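These notes concern the structure reproduced below.
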Amino acid sequence: MTKLTAPGSRRAGVLLHITSLPGDSATGELGREAYNFVDFLVESGLRVWQMLPVGPTQADNSPYQTASAHAGNPALITLEPVLDQGWIDMSEALSHDKCGVLKQAWQGFKQIASEDERNNLNRFVADQQYWLEDYALFQALHDEWHQPWWQWPESLRVREPGALAEARARLSDEISYLRFEQYLFFSQWLALKSYANGRGVELFGDMPIFVAHDSAEVWAQPQLFDLEANGMPRVVAGVPPDYFSETGQRWGNPLYRWDVMQSDGFAFWIDRLKTQHLLFDLLRIDHFRGFEAYWEIPAEEPNAVNGRWVPAPGEALFERLKEVYGDKLPLVAEDLGVITPEVDALRQQFALPGMKIMQFAFSGEPDNPYLPFNHSRDSVVYTGTHDNDTTLGWYTSLDDDTRCYVDEYLGRPKEVMPWPLIRRTLASIADLAIIPMQDLLALGGEHRMNMPGTTEGNWTWRYSWDQVEEDLAERIERRVAMYGRLASK
């Protein structure tokens, strides 16, 4: 497993969700452009590609609210290798959208796939059975009813064995197709990962602490979640009011029944990490502070004001994960926001690197933990994240006094933003430095990935190769080398 703080592990990488790759399809995908991006990283002397969660998204396209904690997003599947298999005639492919092509490919697979291809699919289904069967049935029913699971007929909602058996029989081909769809995703993902790893590039993933209410996991294992008899949450997740929001944030995810999870040895979490470790070399855990205590909001409350902190068994959970995955967990703790000494102690107890955001550093106080002289090696340092404005957008939106302070701190550099902040990020003592692709391209705030607290216009940003200046890789490599982060080619 990846050891983030190993001697000599000083390195740098890029934050770019795979949906932001260029191309002719509706979204970035696991095709040629993904391999081109790996090549760009190598030419730039970079060793880490960080991205957002890659599960199947729902109506708002948020990668943090997915239909499964394990499955891959079928929108990321690229058609070229599927067509190369000969399972579908090219003329038929031209008359269908991606979903239609994949379904036609499944029909062709059933008719003409070789014995080796069938064995590979069967091996995948057997290896991933611990999540795949629940997901495939859930998604088939979801496609049938076009409603969230708590609005299905009661026999399906409460998973009566007879009703599930009848559904499996009725939807058997759709279920088999969904297994095949996931087989394609995982095959293509692991091929990309093998290529990246072979060129010295690690894949850095992201795992939300909570799962979506309308997900296979909540439907299949309702005993693990704090739900009412009708399937609706009794309480939901969020964060309390703070400097950024007078009413806090009400996320709406159902909360866990940690006592039930602990009683079975945290099998839910062991399974989640098993899948993520297959896909990624390193993994960020979103909202790490929720493992020490979480903000519990009564479900009927419209905002997060009337919540309370409830202790969580984070120490017991991470001790269990160490038993299964070893002492050096390849995890990064998202420890942003108001972090208590207890949360920091939990992170340090398990030697999990935290996060430092340079855009947060310039409040004027010398004890600001995001100032570079307050960083530590066991950190991942960013100019900004997917939830922040681009660095250029952030800088231009500052008031005059703060902008002057930033310029003075950075030595009134001759370079224009965002490069002075990129330089200071690379110079940090933190072992790993991550720069969003928007900052490497010097793009303004109109190119940001997400605006927290809003549900429209997010998660759609994509770059084009026209935005990549001819000498950009060379310039990045020179700066990465200057600050001791250069990867060998």
The chain: angle of helix 472-482 to the longest principal axis, Cα-based, in degrees nearest 10: 60
Using only helices, what value at 222 nm comes out for the chain when you add -39,500 (n - 2.57) per DSSP H run of length 4 or more and divide by the total residues, to the nearest 500 deg cm²/dmol? -11500 deg cm²/dmol
With Cα coordinates, the longest principal axis of the chain makes an angle with the long axis of helix 172-198, in degrees rounded to 10, of 30
For a footprinting-style exposure proxy, rank 396, 27 by other Cβ within 10 Å, fewest first. 396, 27
Based on the Kirkwood radius over alpha-carbon pairs, what is the Stokes-Einstein translational diffusion coefficient of the range 189-325 at 4 °C with 1.567 mPa s viscosity, in µm²/s? 79
Residues with amide H under 5 Å from that of residue 356, placed H, sequence gap 5 or more: 380, 381, 382
Over the range 329-375, what per residue volume does the convex hull of the Cα atoms give, in whole Å³? 81
Could you list 193, 414, 322, 103 so that the one with the fewest beta carbons within 10 Å of its beta carbon is first and the one with the most is last? 414, 322, 103, 193
Report, to the nearest 10°, how far helix 314-325 tilts away from the longest principal axis of the Cα atoms in the chain, using its own Cα long axis and a range of 0 to 90°. 70
Against the rule of thumb 2.2 N^0.38 Å, how large the Cα Rg of the range 271-311 comes out: 1.64
Among the chymotrypsin sites (Phe, Trp or Tyr not before Pro) within the range 183-266, which fall in a DSSP loop and have no more than 13 other Cβ atoms within 10 Å of their own Cβ? 243, 244
Going by Cα centres, the range 468-482 and the range 38-105 are how many Å apart? 29
Could you give me the ³J(HN,Hα) list for the range 361-378, computed from phi with Karplus coefficients 6.51, -1.76, 1.60 and θ = phi - 60°, whole Hz, x at Gly and Pro? 7, 10, 7, x, 9, x, 8, 4, x, 8, 5, x, 6, 9, 6, 9, 4, 7
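Express the relative contact order of the chain as a whole percentage, based on alpha carbon pairs under 8 Å and six or more residues apart in sequence.
Relative contact order, the chain: 20 percent.
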Once Rh is set to the Kirkwood radius over Cα pairs, what Stokes-Einstein translational diffusion coefficient, in µm²/s, holds for the chain at a temperature of 25 °C and a viscosity of 0.890 mPa s? 103
Arrange 207, 232 by Cβ neighbour counts within 10 Å, fewest through most, would you? 232, 207
Which ³J(HN,Hα) values in Hz, rounded to whole numbers, follow from the phi angles of the range 155-163 under the Karplus curve 6.51 cos²θ - 1.76 cosθ + 1.60, where θ = phi - 60° and Gly and Pro get x? 4, 7, 4, 9, 6, 5, x, x, 5
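Readers should treat all values here as calculations from the given coordinates under stated rules, not as data from a laboratory. Note that this is a predicted model, so its numbers are computed, not measured. Neighbour counts run over all protein chains shown; Cβ positions are idealised from the backbone, glycine included.
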